[in-house]
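Okay, structure first, notes after.
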Amino acid sequence: MENEYDVRLIYLIAIVSLPISLNAQLSPGDLAKVHEHLEGNLNCTQCHILGEKVSDDKCLSCHLELKSRINQNKGFHASAAVKVKNCASCHSDHHGKGFQIVRFDEKSFDHKAVGYELTGKHARIDCKACHRPAHIVSDGIRLKKYTYLGLDSKCLNCHEDAHQNTLSKSCSNCHSTEAFVPASNFQHQKTKYNLLGKHKSVDCKQCHPVETRNGEKFQRFSGIAFSNCSNCHTDVHKKELGLKCNECHTEESFQKFIGNDRFNHTATGFFLKGKHKSLDCSKCHNTTLPFNLVFQDRKGIKEDQCITCHKDIHEGKFGIDCKECHSTDGFRKINHPDKFDHNLTNYKLEGKHQQVDCKLCHKEDFTKNIPHETCASCHKDFHDGQFYKNGLNTDCASCHTVQSFSISHYTIEQHQSGTFPLTGAHEATACSACHLKESKWTFTNLPEKCVGCHQDVHGGYINQQYDPNQNCTVCHQTDSWQNIQFDHSKTGYQLKGAHSKQACMNCHGLTTNETGHPYKHFNYKKSNCTDCHNNVHGNQFEINGITNCVSCHGFENWKAIFFNHDSTAFKLEGKHKEVSCGKCHRETLVENKKIIQFKIEKFECVDCHH
């Protein structure tokens, strides 16, 4: 019984002692101090996967801050050189409690790999100057005894805000890492107030004063008024000339005056117009006065008080309201007719006279009387004396008006009462067609016969008895040249029927392929039909070489209305009256010409009937 008890005791002691023996055999060494809470065989799987190496996933399951940054592709462990490695390649353990598991050469470490490149003074200070708990923004990370995590890249995370929250938090807009002062990145032209001229050379403190705020030395850069020069400078004009100093002055020099084209003179109550706008200020103002008085020597003068500055050359004859006649565009440019009432004079201005420059008529003093009884008093006789009668020139007003000289008001009714009344097409003809030759107008001693203006197209081919003294009106009318009214019976050949409806040129014109004067056939005498018409019957009806067509045919058409078969040698009787002409009178060939045989010399029945 005792032996059994001893055996069980020995067995129990062996089981209890087994982990100590196994740990000595399985662990390669003590863990670093930061991992000592993971000592013991029962904690191996906190880092290791049985049968494999250390798992990165298990490392990151504890180091959650690193896992978060790697997932965001931020920081050193997300860099291209590091993310391809496993954790144990840099942070191996089991080298003893004093082993530094996080180790690297601070001097050769490339800080750019963490996403924040060290420049300027940052590259020259000790790591611990920045990587200290006071600069860690995360409360969880700040509790760690040893870490490089948790810093923010913003300047104010490490540095005090010297501007006390009055400027942007983006310090690099003005400052560099080489030195906080001077602010080498600052560009004044990017602010709302660009520095020009003398402002460029002024010390910053002149505009941005140094003061004490919250117990600290403070230089004010924001909240500086700059809308008007008087925010900084003394207004030597005592507000008499407004607050827009840049209308007259520049940043180059207060003494440099540029107000001639820029100063808003309207603000003074005297609006500059016309020639006043181009005048130099010194023409009206005494620029030698002290600053507090300069440009105020004309104060209170109204725009209509011209004689305050200008001499009245009319000596009061037209009153003192100069603008009734003159304008500021020019003293010699007169505002008429709506300004100066010329009707008050002995000559009322009308029509084109209203647009004429006064000096064209008033060549001397405006108040001196000038002749104005007739147009010729001022105007040259355009017609060079054509209308002189009894030593006097007819007044222009009989044809022209002051509205326009180029438009004549000489009427058709007046022309009809002259030596050449207008009829027909002459009434619709422009005056220039008859009266304007070689750029000269002529109204007197003009020819009255047709050939005085028109070409005699007949050129002597008409007998004088039908054209006495080239009197075209014997045949032609003024309504139209083509309207012919000639009594052809005077020629001994009266026009009848279709002849009376023909145009003259159908009979008197040139024949086909004929050349020469187009009207030469008006002088011939022909009365036989065959003189104009083809003799379709040949010589069948000739008597003494003449065929008398009118014995059968009339003048209205070619029909043989006068032919009577009973007057021939063969009187038609019975059925013969019903037979068409062509049954008996057939086409035959005579001298190589086809004609219809009308003259038949055989009248026996057997001559036609077979």
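The values are calculated or read from the model by the stated rules, or taken from the named source; none is laboratory data. Bear in mind that the values here come from a model prediction, so they are computed numbers and not experimental data. Neighbour counts are summed over all protein chains in view; Cβ atoms, including those assigned to glycine, are modelled from backbone coordinates with ideal geometry. Remember, those area values only see protein heavy atoms, side chains included, never the ligands or the DNA or RNA. Shrake-Rupley method; radii C 1.70, N 1.55, O 1.52, S 1.80 Å.
For this structure, a couple of remarks:
- Stretch gain in nm, segment Glu364-His91, where the contour uses 0.36 nm per residue and the Cα spacing is subtracted: 87.0 nm
- Within a straight-line Cα-Cα reach of under 21 Å, Lys348 can be paired with the following lysines, leaving aside sequence neighbours fewer than 8 residues apart in one chain: Lys317, Lys323, Lys333, Lys339, Lys359, Lys363, Lys368, Lys380.
- Calculated accessible area for segment 81-223 comes out at 75 Å² per residue, all protein chains present (probe 1.4 Å; ligands, DNA, RNA ignored).
- Carbon + sulfur, % of accessible area of the chain - ligands and nucleic acids excluded, 1.4 Å: 54
- From helices alone, the chain scores -3000 deg cm²/dmol at 222 nm; the rule is -39500 (n - 2.57) for each run of n ≥ 4 DSSP H residues, then divide by the residue total.
- Largest accessible area first, the residues Tyr466, Tyr146 order themselves as Tyr146, Tyr466 under a 1.4 Å probe with ligands, DNA and RNA left out.
- Potential extension, Val474-Asn264 segment - 0.36 nm per residue separation minus Cα distance: 67.2 nm
- Probing with 1.4 Å while keeping every protein chain in the model, the per residue accessible area of segment 410-452 equals 74 Å².
- In summary, the lysines within cross-link reach of Lys205, defined as a Cα separation below 17 angstrom excluding same-chain residues under 8 places away, comprise Lys217.
- Those lysines that a straight Cα-Cα span of less than 21 Å connects to Lys198, excepting residues fewer than 8 apart in one chain: Lys190, Lys244, Lys256
- Each Cα pair under 8 Å and six or more residues apart adds its separation to the average, and for the chain the resulting relative contact order is 4 percent.
- Computed with a 1.4 Å probe over protein heavy atoms only, the accessible area of Leu60 comes to about 40 Å².
- Per-residue SASA remark: Lys520, around 60 Å² accessible (1.4 Å probe; ligands, DNA and RNA not included).
- The figure for Arg142 is an accessible area of roughly 90 square angstrom, using a 1.4 Å probe on the protein chains alone.
- Cβ-defined net charge surrounding Arg124, 14 Å radius [Lys, Arg +1; Asp, Glu -1]: -1
- Cα gyration tensor shape for the chain, rounded if a/c is under 1.5, else prolate or oblate: oblate
- Using a simple spin-label model with pseudo-atoms 7 Å out from Cα toward Cβ, Lys577 and His188 lie 13.7 nm apart.
- For segment 309-325 and segment 467-501, distance of Cα centres in Å: 77
- Relative packing of 265-272, 233-240, which averages over residues the other C-beta atoms within 10 Å, highest first: 265-272, 233-240
- Listed residues Cys158, Cys549, Cys204 arranged by accessible area, highest first, probe 1.4 Å: Cys204, Cys158, Cys549
- Relative to the longest principal axis of the Cα atoms of the chain, the long axis of helix 2-26 lies at roughly 50 degrees.
- Net +/- balance of residues flanking Phe99 in space, Cβ distance below 12 Å, scoring K and R +1, D and E -1: 0
- Ranking Trp441, Trp558 by solvent-accessible area of protein heavy atoms (1.4 Å probe, all protein chains present), from largest to smallest, gives Trp558, Trp441.
- Local charge for Gly40 was computed over the other residues whose Cβ lies under 15 Å away, with Lys and Arg +1 and Asp and Glu -1, and equals -3.
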